[in-house]
Amino acid sequence: MEKVEDKMVFSRNEEFQATLQPNYDKHSELKAFDDTKAGVKGLVDAGNSTEVPRIFVHPRESIHNSSGFTEKEFVFPVIDLEGIDHPMTHKEIVDKVRDASETWGFFQVVNHGIPLPVLEEMLQGARRFFEQDVEIKKQYYTRDTAKKVAHVSNFDLFSPSVPAASWRDSLYCFMCPNPPSPEEFPITCREILIEFSKNMMKLGCSLFELLSEGLGLNPCHLKDMNCAEGLSIAQHYYPACPQPELTIGTRQHSDCVFITVLLQDDIGGLQVRHQNQWIDVPPTPGALVVNIGDLLQIISNDKYISVEHRVLSNKVGPRISVPCFFSTGAFPSPRIYGPIKELLSECNLPKYRATTVKEYTDYFRKKGFDGTSTLLDYKILS
């Protein structure tokens, strides 16, 4: 049965689209854009960049509810991982990770062990892919979610509950387990993608150990649950936008994974929802941004929080980011995930129904970035 909330989302989007032009055929224009296989960058390269096409125009309220707070009132958490193997420092790091995961759902890490040249080359590799000849990029363009290497603009482009497209192109690469052969990765970023992935898996395992300890569990608990089994690396390219007040780089959403580790350049634009305000995540040289995903909120039974975030469009660009998603995604995995039994009691009953990663991911992708939380549909009603 269709949910009332879904009907309301569709209704609001239909009303918004009707205000653009009376004879606006959104689906036809989306299809024409998608058929070019050139993405947003293709629009810019073709010289169609003085105005934002109407398929990218978002409702004003989804863009202009920005924060009125200054950086002094909200200090985004930054955690130094140096000394992670020293007993005294280790406890302090666990405490900081736990506090940030409970209150922000986000934090930055420095001295994380991935060399700066590797981070810089990963960003350059992403740039090389998107700025190469469009005919080469078209070979990777697909909406087939079974592909382990996929270039696409807006995975939810045709979702009826999403009001407009976002000003962003992406390349998704499934890295673990069972990655594609190296030859399937684009040559522009092949070597660095493989090297970066190895470094990221190592860091991810360390983060899961800290998160496990923050829950009062054995350091290996989350790893033993296979939370670190899957890794997908995306590369996002946000071209400079002529009218950033009309569109957005990425609509507000939370991530349908266990954790995300983000490498971003120095352009900025990432914002996190904190205490009902949008707070800028300041680009910090050499730092990586970590955020709790929906699946970790489910298994921690709301101890850790998966919060909404978004990316603003900008007249300056391109902005390049590389989010690393720890999850097996849409690929089949038999394990069922629900609230961890060791965390439950008579005073802390399960708050979510159990699910597989694939079921949750498929449902999330079907919804798209529609402004509603997928978690709500997995809540156990009291």
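The values are calculated or read from the model by the stated rules, or taken from the named source; none is laboratory data. Everything numeric here is computed off the predicted structure, so don't read it as measured data. Because the Cβ atoms are built from the backbone with ideal geometry, glycine has one as well, and the counts that use them run over all protein chains shown. Accessible surface areas use protein heavy atoms only, side chains included; no ligands, DNA or RNA. Shrake-Rupley method; radii C 1.70, N 1.55, O 1.52, S 1.80 Å.
A few points about this structure:
- Checking each residue in segment 348-370 for being assigned to a loop (DSSP other than H, G, I, E, B), surrounded by fewer than 20 Cβ atoms within 10 Å (Cβ to Cβ) and at pLDDT below 95 picks out only GLY368.
- Taking each residue of segment 109-136 that is aromatic (Phe, Trp, Tyr) and looking for partners that are modelled with pLDDT of 95 or more and assigned to a loop (DSSP other than H, G, I, E, B) with beta-carbon atoms closer than 9 Å, six or more apart or interchain, yields PHE129/PRO186; PHE129/THR188; PHE129/CYS189; PHE130/THR188; PHE130/PRO239; PHE130/PRO318.
- Applying the criterion of being in a loop (DSSP other than H, G, I, E, B) and of a type in the set (D, E, K, R) to the residues of segment 323-347, the residue that is most open to solvent (accessible area, probe 1.4 Å) is GLU346.
- Here TYR304 passes the criteria (1) in contact with a helix residue (DSSP H, G or I) (Cβ under 6 Å, 6 or more places away or on another chain); (2) closer than 23 Å to GLY269 by Cβ except the one numbered (2).
- Selection from segment 261-279 of residues that are surrounded by 21 or more Cβ atoms within 10 Å (Cβ to Cβ) and within 20 Å of LEU376 (Cβ to Cβ): VAL272
- The residue pairs whose first member lies in segment 69-81 and is at pLDDT below 50, whose second member is part of a loop (DSSP other than H, G, I, E, B) and not aliphatic (A, V, I, L, M), and whose beta carbons are closer than 8 Å, counting only pairs six or more residues apart or on different chains, are GLU71/PRO282.
- Of the residues making up segment 185-199, at least one is modelled with pLDDT of 95 or more, open to solvent by 10 Å² or more (accessible area, probe 1.4 Å), of a type in the set (A, V, I, L, M, F, W, C) and touching a strand residue (DSSP E or B) at 6+ places or on another chain (Cβ under 9 Å).
- Failed condition for PRO239, given (1) more than 19 Å from ASN291 (Cβ to Cβ); (2) surrounded by fewer than 22 Cβ atoms within 10 Å (Cβ to Cβ); (3) touching a Pro at 6+ places or on another chain (Cβ under 9 Å): (2)
- Just one of (1) out of contact with any helix residue (DSSP H, G or I) (no Cβ under 9 Å at 6 or more places or on another chain); (2) farther than 18 Å from LEU207 by Cα; (3) part of a helix (DSSP H, G or I) fails for MET88. It is (2).
- When SER181, SER166 are checked against the criterion of being surrounded by 17 or more Cβ atoms within 10 Å (Cβ to Cβ) and either without any contact (Cβ under 8 Å) to a residue 40 or more places away in the chain or of a type in the set (Ser, Thr, Tyr) (or both), a single residue qualifies: SER166.
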